[in-house]
Amino acid sequence: MANKTTLSKLVNNVSCMDDYDPNSMPVAKARQFIQQFLSPVAQTECLPLRASLARVLAADILSPANVPNYDNSAMDGYAFNADDIHTEKPTHLKIIGTVFAGKAFAGELKQDECVRIMTGGMLPKGTDTVIMQERVTLENDHITFTEAPKRGLNVRYAGEDLQQGQTVLATGHLIRAADLGLIASLGIGEVMVYRKLKVAFFSTGDELAGIGEALKKGQVYDSNRYTLYGMLSRLGVEIFDLGAIPDNPELLESTLLTAANQADVVITSGGVSVGEADYMKLLLAKHGQVMFWKIAMKPGRPLAYGKVGQAHYFGLPGNPVAVMVTFYQFVREALLALMGQPRPAPLPMFNVICTEAIKKATGRTEFQRGILFANDAGVWQVKPTGAQGSAMLSSMSLANCFIVLDETVGNLEAGALVQVQVLEGVI
Ligand code: AMP
Ligand code: MG
């Protein structure tokens with residue numbers, strides 16, 4: 001539906017889209033809107049393998065060889081040719097040598113011969129099967145067994161993990177610990193990745209004090225720049241913290257322009273409430289193309305998205321919990337797309353029993369802070385963290401998940417099945 005809409009068309013004439021209501025924007029729809037304007041940063045760089053952790057591949061990684069490279073034993077045992085198996089009497093084989101992992105066996109086996117072989121040892125010419133050492137009777141230089149393995153048993157074949165030329169990891173893949181090992185197993189030491197995404201952010205508000213300053217009456221310490229720093233650091237982007245800016249039009253304007261000039265993405269918190277007369281909205285209208293939404297969610301109702309110059313812009317609400325919720329629901333996925341992931345995976349979501357009753361109005365999606373825990377029987381359940389005010393950052397610190405209650409959900413009794421979105425390891 002929204003695919004052919006340009007940002008400027010949308011900003012200048014909201015009625016150009018069917019069922020677009022900036023005053024009651026469903027979460028999924030806002031996410032979809034944002035996604036259509038995102039494409040990966042253009043520049044790439046070649047990095048040593050370890051430095052590529054948490055970056056996104058900008059070129060496919062192809063296997064330069066078969067993995068494993070040669071047929072080898074999956075067990076400590078004896079390698080032999082299955083043609084030598086007797087079915088009517090015990091099989092009796094002569095041991096003519098030993099193969100250790102990493103060493104090739106020079107000789108070739110003749111009829112009724114075998115070699116002792118260690119796990120990972122290369123299968124000698126003429127053998128095709130390995131019998132576990134526990135399954136044989138050893139007598140001097142001979143082994144005997146009655147229960148013969150099937151041909152090919154306990155053999156890892158060349159290329160059974162990866163075939164030469166196969167795409168092992170595709171462009172757009174976010175590199176994790178397992179991938180570093182996988183790439184190393186191919187003997188590849190350098191990878192092509194997208195350059196780091198540059199993200200600038202600042203807080204807005206006359207009431208904000210910085211750490212180290214004494215709080216004057218009516219002031220609060222700026223916490224949003226710290227949660228944003230934490231969440232952005234986890235994503236592995238380059239961070240530009242432009243400070244806490246008072247509600248002063250000149251200062252806000254110069255900071256916004258500096259941010260848009262130096263970064264791919266600008267994030268601000270505070271001052272984007274719909275209907276609120278504040279400077280940020282006027283400035284964004286002057287310098288950018290920005291949509292202002294009331295999202296049908298709690299917390300995190302006001303949200304702005306658009307472009308300021310070449311930079312993507314996210315205007316998050318001021319309330320500290322709302323900043324985190326909107327970051328996880330909208331910004332995280334958008335940044336991953338800009339970092340080069342074509343279809344960023346949403347946070348994992350699943351159903352569990354909630355052990356406490358929940359009060360909730362229908363009509364909007366709530367992201368309550370929850371604690372996933374294993375009960376005495378070892379079954380995972382969830383309970384809310386307690387008071388859910390959108391300024392209570394302690395509820396986020398206590399939480400390891402969001403309890404996601406969609407628009408159709410109303411009050412819930414204890415024992416109801418709810419959806420949870422796991423945060424542990426993400427924050
Ligand atoms: P606003 O969206 O600017 O109206 O702010 C909403 C609420 O969030 C107000 O109570 C602000 O004081 C608070 N707030 C805004 N920015 C911050 C911040 N950086 N740190 C802590 N609280 C903030
Ligand atoms: Mg404000």
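The values are calculated or read from the model by the stated rules, or taken from the named source; none is laboratory data. The structure presented is a predicted model; accordingly, all values stated were derived computationally and were not measured. Please note: Cβ atoms are built from the backbone with ideal geometry, for glycine as well, and neighbour counts cover all protein chains shown. Surface accessibility is based on the protein's heavy atoms, side chains included, excluding ligands, DNA and RNA. Shrake-Rupley method; radii C 1.70, N 1.55, O 1.52, S 1.80 Å.
The figures follow:
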| quantity | calculated |
| --- | --- |
| Residue satisfying all of: in segment 194-214; within 16 Å of ligand 2 (Cβ to nearest atom) and not hydrophobic (A, V, I, L, M, F, W, C); most open to solvent (accessible area, probe 1.4 Å) among these | 206 |
| Hey, residue 265 open to solvent by less than 10 Å² (accessible area, probe 1.4 Å) and closer than 26 Å to residue 41 by Cα or not | yes |
| Residue in segment 66-86 that is without any contact (Cβ under 8 Å) to a residue 60 or more places away in the chain, of a type in the set (Asp, Glu), open to solvent by 40 Å² or more (accessible area, probe 1.4 Å) and out of contact with any strand residue (DSSP E or B) (no Cβ under 9 Å at 6 or more places or on another chain) present | yes |
| Selection count where residues are loosely packed, with under 14 Cβ neighbours inside 10 Å and of a type in the set (A, V, I, L, M), scope segment 87-101 | 1 |
| Residues within segment 26-74 that are farther than 29 Å from residue 233 by Cβ and hydrophobic (A, V, I, L, M, F, W, C), tallied | 4 |
| Checklist (1) more than 16 Å from ligand 1 (Cβ to nearest atom); (2) open to solvent by 40 Å² or more (accessible area, probe 1.4 Å); (3) assigned to a strand (DSSP E or B) applied to residue 242, failing item | (1) |
| Wholly enclosed strands (runs of 3 or more DSSP E) of segment 255-364 bearing at least 1 residues touching a residue at least 60 places away in the same chain (Cβ under 8 Å), of a type in the set (D, E, K, R) and within 16 Å of ligand 1 (Cβ to nearest atom) | 288-294 |
| Some residue of segment 239-254 being at pLDDT 95 or above and touching an Asp or Glu at 6+ places or on another chain (Cβ under 7 Å) | yes |
| Qualifying positions in segment 151-173 - modelled with pLDDT of 95 or more and in a strand (DSSP E or B) | 155, 156, 167, 168, 169 |
| Condition broken by residue 373, with the remaining ones in (1) part of a loop (DSSP other than H, G, I, E, B); (2) surrounded by fewer than 19 Cβ atoms within 10 Å (Cβ to Cβ) satisfied | (1) |
| All positions within segment 382-417 that are within 23 Å of the chain's Cα centre (by Cα) and aliphatic (A, V, I, L, M) | 382, 396, 398, 399, 403, 404, 405 |
| Residue in segment 278-291 that is touching a Ser or Thr at 6+ places or on another chain (Cβ under 6 Å) and either modelled with pLDDT of 95 or more or surrounded by fewer than 21 Cβ atoms within 10 Å (Cβ to Cβ) (or both) present | yes |
| Residue 212 small (Gly, Ala, Ser), in a loop (DSSP other than H, G, I, E, B) and not assigned by TED's automatic domain parsing to the domain that holds residue 113 | yes |
| Qualifying residue in segment 379-391 (condition: touching a residue at least 24 places away in the same chain (Cβ under 8 Å) and within 19 Å of residue 225 (Cβ to Cβ)) | yes |
| Failed item, numbered, when residue 131 is tested on (1) within 30 Å of residue 307 (Cα to Cα); (2) part of a strand (DSSP E or B) | (1) |
| Options 260, 304, 296; residue that is at negative phi and within 16 Å of ligand 2 (Cβ to nearest atom) | 304 |
